[in-house]
Amino acid sequence: MKKWIFLLVAAVFLLCAGAATASAATPKTTETVPKLILDGKEVKAAVPPMLIDDWVLVPIRTVAEHLGYKVGWDQDRKQVTVRDGSTEILMTLGSKTALVNGREMSMNAAPVLLNDTTLIPLRFVSESLGVQILWDNKDKAVYLYTADAGKPAADEPSGNGQDGGAVPESPAESGQGTDSAPGTGGDAGDAGKPASGGANTGTEAPGGGTDRDEGRHQEEGPSGTPASDPAAEPAKLKEIRYQPNVLVLTYTGSLTPVVHYLTGPERLVVDLVHAEFAEEFSSGFASGIVPDYSPVLTEPPASGQIAEMKVSGDPHVTGIRFSKFSDNPRTVRVVLDLSALPPYELTNHEDLGVVTLRLKPEAPPVPAKDRYIVVLDAGHGGSDPGAKSLSGKWEKDFNLSVVKKVKEILSKESKIQLVLTREGDTYPTLDDRINLANSLNADLFISVHGNSNTKPDVNGTETYYWRPESQPLAELLHKNAVAATGFKDNGVRTAEFKVVKYTTMPAALLEVGYLSNADNEKKMLDEKFQERVAEAIAATIKQYFKLS
């Protein structure tokens, strides 16, 4: 089931009038004790965050010093002071009024002293220290994200504050961050290495995939993300779409995508820097063909909320979460929860306004054999002519011509036994083609087609597959085919075509070009062009089996 799961921020807890004081009896607490996660790392303290009178309070020294602030304590006045270079915050036990650089600010609950530890309201931490807070109801955890996730914590205090007294929470109890990442939630900070180029091979701690700008130096902003012009209008994220092995993000404007890899559990995080949700936003799933897109959510999550879509039946992705992550710089965060991490590639098609995160499962090793059986399928045939070209030629004839040329090229290759689903103008049903390949226990299946569209300007080469084990074949075939055709690269896609879904070996369907496009058609009906396409298919088969 796919649905919204709004993870509420702690600030929405109901206001309770009773305030605790240093001399009061122990406040009423609930049994639930939230975890505190700062920039992707769980922080432990002598007194953890607590639900007190329906408000979440956090230990101030633990939080502030991990954010790089200095904390002081005035025993006589029962006052806590939090300072950095430009900010001074003064809070008094039992009082809901704080002073921030001399200006009064109200808190929804008063600071309390519990077991020699000062706790203050979580909402005030967000308002006064400039951090984003999110509440993960699943893990009962509080997540705090800073704009400067990579900022080092202040040196361990000696116990003497600037006000001459020790804050009643010892340095040893201030809670050093662990190396463990949060189970779910915002997935923030520098726990994952931002990708600036180089495909993740999975051979070491993965840091990301290619962004088509490998080796390019980028000026970095907060948290290692490339800097953007804060005065420029942010890009608008219009759609989040997931199709097998591919996350597709469409937008208008200009943005910078950065991918992080986090563990415990494994997940991939995509930050869209200098972006916000568009008013007309949707998210959902697709089989790999855009018209098949099925929106699930039609509104973006509000500030402080995380939206979630459950993914079922996928070999790698179990869920997708997204939220407004930061206001400075404006950033949208999309998280893929993973059952296993394959290599991946991040690409930003700026001219199209599309970011893709493609999971690239490794091809299973092809066992060495004396002979490999390959089934080549010329699409359509006989009573099913397929698409009609602009000049009145039929797709079935183009398909068969290419397939026969492949057979001729590979006829002298002793290690490849090529089987055609049809060698003349006949029509084997789709089930016939599938049963032939499966009964032969073939090693590969490739179906060849010409495409068509009602819009005459639509053109290009595209390759389809369905099962994950077929993706390496589809990508290899597509790369060779695009080089041979010289047509527009429409990419590798997933679709539930029967011949690639129900065959039991790696299978791909190649749409060479559009017979409905004048330029594509003219070239596709040329003998030399067909020979180049046939050479590309033959080369794919030999390369797949490592015979060349």
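Rule-based calculations on the coordinates, nothing more; no lab input. Everything numeric in this text was worked out from a predicted model, so none of it was measured. Here the Cβ positions follow ideal geometry from the backbone for every residue, glycine too, while neighbour counts run over all protein chains shown.
Note on E535 and A340: the extension gain reaches 66.6 nm, defined as 0.36 nm multiplied by sequence separation minus the Cα-Cα distance. Can you tell me how region 372-544 classifies by the Cα gyration tensor, rounded, prolate or oblate, using a/c under 1.5 as the rounded cut? Rounded, since a/c falls under 1.5. Spin-label pair N328-Y427: with each label point 7 Å from Cα along the Cα-Cβ axis, the two points sit 6.8 nm from one another.
Placing pseudo-labels 7 Å out from each Cα toward the beta carbon at T298 and L99 gives an inter-label distance of 5.4 nm. On the basis of the beta-carbon distance and an R0 of 60 Å, D370 and S254 show a calculated FRET efficiency of 0.65. Straightening the chain between N115 and E233 buys 37.6 nm, computed as 0.36 nm per residue apart minus the Cα-Cα spacing. Counting neighbouring Cβ atoms within 10 Å and putting the fewest first, the residues S401, S106 line up as S106, S401. Distance between the 7 Å Cα→Cβ label points at K479 and K455: 3.0 nm. Projected over every direction and averaged, the convex hull enclosing the alpha-carbon atoms of region 272-415 yields 14.6 nm².
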